[in-house]
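Report on the following structure.
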């Protein structure tokens, strides 16, 4: 069985990647499961999609804990515990990552002995507008690395899954998939079709007895306000707004009024400050500031600037 | 109506404190969340929000809440019925001196357009019949956004949704919820857009001075469902007002008054062309006909206003 896990951010087409790959396997006569994980399926938030493909009936269910292939669309996820990119990886798990950072750096950063395929990010997915194309590219990566899917089948699956889009988008998707597939010829079939696991090798679950508590104890009542602040939605950002306080005119805080997430607060000095723990990077503030005192900076550069590793 | 005695004359009268909590799982650039936080900054924590199922289901997922006060979750069609129960309970506590006057809470229904325009309409009409004392906030993102933007009775004619993928987009027409409310002759009903915070604040101020069923119908641009960059969320609201597609108006004292009259209306294309859901209209002559139809409907509406 092939067990493939896609990691990306909302908006990068991970669900689509799973569907294209799943359909490709299906067209080749495999038994297939493909499903994204239910959760905060929001733009920028970590997204997971899973594909299982087997020559026999698939008995496994649920999320993939022991992947044979992990495809990472966005290398900034590698450092996020919530994204769990490394979860369940073993010595023969192949990790394919779309990244301009060299393979050796990833090997030492992640302390991995297992195979890493580092694929330079195609131009098509760079910048804000091209994000959605990452899914098609990742499907092509997985198809080539698994080796059981001819290019013509991949193209058929892309047509089947994206046929409802505008013809120009479909054509671009097909050409990106084709280019990615061709570029990975040296990695054909590096992911092995492993025999399905015997369930007898799994330990029986440790049952936990749940007692019937009184409603006052068991009902999901929240007694404290504002607990949502414990959720750090700042990790959704791909771009961050940065305020140039020298240019800020201390207007009546348009940025703060228009921030959908209440993530801009105004200090006693009248200067707004952005709460980066919660700012999702929607950039409404950048668009609204009348004197253009807020700029959008790629998140990775913003982090380096915050740490003093790069000049502002 | 005279503006004298109004608290919100300019942006400088606005609260600078953000009362609504960060960390909610709504999409980046969510127009619905924007209107909720603007309203909450004005209403404050002496409120109970009764939430019909929809995107905002995810506001308060145990044990997290962005509210300072209370929130109650109901099924999609029954938020006004839930509000009736909460209002009645508060009234009984007040009458029996178990709640002090200053501890009274404002009951606010929070609903998306799927529930407000469709399956929740019957319960809403009933609450209007009974004169229930509540605020009704509908964040209208013109489709079932939480489940992938299927069409709703609030979807505009011609828009592509995940259930209207043909060349013509959605074949139906957007239901006029404001007029349905006005037909019930409530104390107050208004349309708002978070892109016009001053207009919104003035309306909230008026509605707070009244009792009974009071509605705010909020234009809520949806980056995910409508296909535009989150950063443009407020600009899409501006354009909806400036093209005349989203009239800002209120129903008070039995009369409809427009609170913003666009001096020179922009062509509807300016609004449509920035959204993926209307992109197909620009690709064929049949689509061009639909754009002309939409422009005609907007023109006819404003003819009636002048």
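Data table
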item	result
Filter result (within 7 Å of another protein chain (Cβ to nearest Cβ) and crowded, with 19+ Cβ neighbours inside 10 Å) within the stretch A:228-242	A:228, A:229, A:231, A:233, A:236
Conditions (1) surrounded by 23 or more Cβ atoms within 10 Å (Cβ to Cβ); (2) more than 7 Å from every other protein chain (Cβ to nearest Cβ): number failed by residue B:65	(2)
In the stretch B:228-258, residue nearest to the other protein chains (Cβ to nearest Cβ) [restricted to those that are free of Cβ contacts under 8 Å to residues at least 40 places away in the same chain and buried (at least 18 other Cβ atoms within 10 Å of the Cβ)]	B:239
Residue within the stretch A:112-128 that is surrounded by fewer than 17 Cβ atoms within 10 Å (Cβ to Cβ) and within 14 Å of another protein chain (Cβ to nearest Cβ) present	yes
Unique match (being more than 19 Å from residue B:197 (Cβ to Cβ), at pLDDT 95 or above and not in a helix (DSSP H, G or I)) among B:247, B:267	B:267
Options A:9, A:109: the member that is modelled with pLDDT under 95, closer than 24 Å to residue B:229 by Cα and outside any loop (DSSP other than H, G, I, E, B)	A:9
Matching residues, the stretch A:260-281, being facing chain B (nearest Cβ under 9 Å), farther than 23 Å from residue A:82 by Cβ and crowded, with 19+ Cβ neighbours inside 10 Å	A:264
Selected residue [surrounded by fewer than 19 Cβ atoms within 10 Å (Cβ to Cβ), away from chain B (no Cβ under 14 Å), out of contact with any strand residue (DSSP E or B) (no Cβ under 8 Å at 6 or more places or on another chain) and in contact (Cβ under 8 Å) with a residue 40 or more places away in the chain] from A:290, A:204, A:186, A:195	A:195
Hits in the stretch A:191-232 - residues which are closer than 30 Å to residue A:117 by Cα and modelled with pLDDT of 85 or more	A:191, A:192, A:193
Single condition residue A:26 does not satisfy, out of (1) closer than 21 Å to residue B:30 by Cα; (2) surrounded by fewer than 23 Cβ atoms within 10 Å (Cβ to Cβ); (3) touching a strand residue (DSSP E or B) at 6+ places or on another chain (Cβ under 6 Å)	(1)
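Rundown of residues vs (1) loosely packed, with under 14 Cβ neighbours inside 10 Å; (2) at the interface with chain A (Cβ under 7 Å from one of its Cβ atoms), yes/no style:
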{"residue": "B:14", "(1), (2)": "no, yes"}
{"residue": "B:55", "(1), (2)": "no, no"}
{"residue": "B:61", "(1), (2)": "no, no"}
{"residue": "B:71", "(1), (2)": "no, no"}
{"residue": "B:74", "(1), (2)": "no, no"}
{"residue": "B:95", "(1), (2)": "yes, no"}
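The values are calculated or read from the model by the stated rules, or taken from the named source; none is laboratory data. As the structure is a computational prediction, the values presented were derived from the model and not from experiment. A quick note on method: Cβ atoms are made from the backbone with ideal geometry, for glycine too, and the neighbour counts reach across all protein chains shown.
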